[in-house]
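Quick notes on the structure that follows.
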Amino acid sequence: MKKKFLLIATIIIICAMTTVTVFATGGEGAEDLGKFFGTFWSLVPPLLAIVLALITKEVYSSLFIGILAGALLHSNFNIVGTVDSLVNEGLIASVSSTAGIFVFLVILGVMVALINKTGGSAAFGKWASAHIKSKIGASLATFALGVLIFIDDYFNCLTVGSVMLPVTDANKISRAKLSYIIDATAAPICMIAPISSWAAAVSEYTKGVIIDGEEISSLALFIKAIPYNFYSLLTFVFIIAITLMKFDYGPMKKHELNALNGDLFTNGSEVLSTENADKGNEKGKVIDLILPIIVLIVISVFALIYVGGFFGGDYNKDFVGSFGNTDATVGLPLGGIVTLVLTVIYLICRRLISFKEAMACIPKGFIAMVPAILILTMATALKNMTGLLGSDIFVENALANAGALRNFLPAIIFSVACGIAFATGTSWGTFGILIPIVLSVFPAGSELMIIGMSACLAGSVCGDHCSPISDTTIMSSAGAQCEHVNHVSTQLPYAITVAAVSFVTYLITGFIQNWLITLPIAIVLMVATLFVIKALSKKKA
C-alpha cells in the first residue's frame, strides 16, 4: 500500500510538471541556460529515477520518467523544447556516445552464445565442479578472476560473468551474489590499476601538477594516490572477509538461502531461467572456453594501445602513454571483432560447429544483450540531462565555501563524489567534475592534495557502485544474468557498509596524512565492523 501511495504521488508530481508545460510560453528563459541550471534541481531527475526504480522494481519506466523530468527542467517546461531535449540531446546523443560499447556488448553476447553452443561452457562447468567443491572456493575464484581482468570494467563485468556462471551455479551461489562479486571487482580494480582505461581517464585530468618544483607525470600521481583509495581497497577486504566468515546480511541473505534450496534467482527466475538452454556439443572441452577468453584479453590490450598510438601514427606514444591516450569505446570493439572472427574460425576447424550454426549465434547474442543495451541507452540519456542542467556548476559552488575545513575536506569530497556518482551513474563524469576542483583547493604537491584526489576517485567508484543507473552496475547484472533490481537491492547494504568505513578513515587521514598508518587502521575497522554485523545478525535471528 505504501509503495502504491509513493508511486501515485510521483505520478501526480510529473502530471503537475506537465501541466505547467501547457502554460509555458518559452519567452526569455528559452534563450538562456534556464533558471534550474547549476542548482540542486540538476540532481532531481536522476534521484527521481532511482527512487522510482527502488519502489516499483521496474527500471525502464523509472529511467524514462527521470529523462522526461530532466528535459522539462532543461526546457523550462516548454513543450517543444522538452520533446527536442528528450529525443535529440537525450536518447539520440546517448546512442551516439555509447555505440562502441553497444558493439562490444553484442560481440561478447555472440561469443557467449558460440561457446555455449560448442559445449565449452558445459565442459568448464564439469571441470570446475570436480575441482571447486565449495561456495568459498567458487566465490574466491570469481574474485580472483575479477582482479586479474583489470584492463577495463566493461570487459571485466561480462567476461567474469560468462566464465564463472557454471561454477557459481554448481556451488549454489545466487545470481545476486555473483553480480555483487563481479561489480565489486570491476570498477574498484580498474581504479587502482595503473594500466587500465580508468587510469587513462584520470590522467587526462591530472596533467601539469607540480610537486617539489617539477611537473610530475599523470601516471606517477595516480600511483601515489592508490594507497589512499580506501573504498576500492576495502571492497576487496570486505569480499574476502565475508566469504571466509560464511555469512550474509540484508536482502542478500534471502537470496543466498534460496540458492541453497535450488532457487538461484529469488525474483525474476521466470525471465532468466536457463533450464531450457542449449547444452551444446558434447565434444566441447575446457580449452574451447579458455582459449577464446585469453585471445580476447590479449587482442583487446593490443587494440587499446593501437588506438592510443603505440604503433606510431600521429601520437607515437610508449606503452603507458598509449593507455593514457586510448579510447576504450573504439579499442574494445576493435579487439572484440578480431577475436570473434578468430573464434569462429577456430571452432569450425575443431568441427564443433558449422558456419551456418555460427551465424545463427549472432542474433542470439544480440537478443541476450538487448536488456543491457536498453538500460544503458536510457541511463546515458539521463546522464546527458543531468549535464545539461549544470550539475557540475552546482557542485563546484558547493565546494568553494568549504576551504576553512581543509582537514575534513577528504571526507567531504568522498561524500560529495558518492552523491554525484550515485545520482548520475557515472564515475568518469564525477571525477571529471571534481578533480580540477580538488587540485585547486589543496596546496600544490601536498600530501593532502593526493589524499583529496584519492577521496574523489574512491567516492566516484562508490557512488557508481551503488547507483542503479550506472553502466557497470547494469553490465554486472547482464554478466551474471541477474534481474537488475535484485542486483541493486542486494548490493546496496554491502556497498554502504564499505562506504561508511571509508568515510571514517578519510576523517582520520585528514589529520594523520600517512597511508602506512591509516590503511592498516582502515582494514582493522572493516573487519571489526563485519564481526559486529555478524554478531548482531545472530542475535536478531
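The values are calculated or read from the model by the stated rules, or taken from the named source; none is laboratory data. Note that this is a predicted model, so its numbers are computed, not measured. Note: ideal-geometry Cβ built from the backbone for every residue, glycine included; neighbour counts use all protein chains shown. Heavy atoms of the whole protein, side chains included, go into the accessibility calculation; ligands, DNA and RNA do not. Shrake-Rupley method; radii C 1.70, N 1.55, O 1.52, S 1.80 Å.
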Per residue accessible area in Å² of the stretch 412-541, where ligands, DNA and RNA are left out and the probe is 1.4 Å: 32
Normalised contact order of the stretch 453-541, rounded percent, pairs of Cα under 8 Å and 6 or more residues apart: 19
Of all accessible heavy-atom area on the stretch 95-158, the percent that carbon and sulfur account for (1.4 Å): 72
Pairwise centroid distance, computed over Cα atoms, of the stretch 82-103 with the stretch 167-189, Å: 30
Out-of-range pairs (alpha-carbon distance over 18 Å; input LYS135/LYS177; LYS126/LYS356; LYS253/LYS540; LYS126/LYS254; LYS117/LYS283): LYS126/LYS356; LYS126/LYS254
Cα-projected label distance for VAL524 with CYS349, points at 7 Å along beta-carbon direction, nm: 5.8
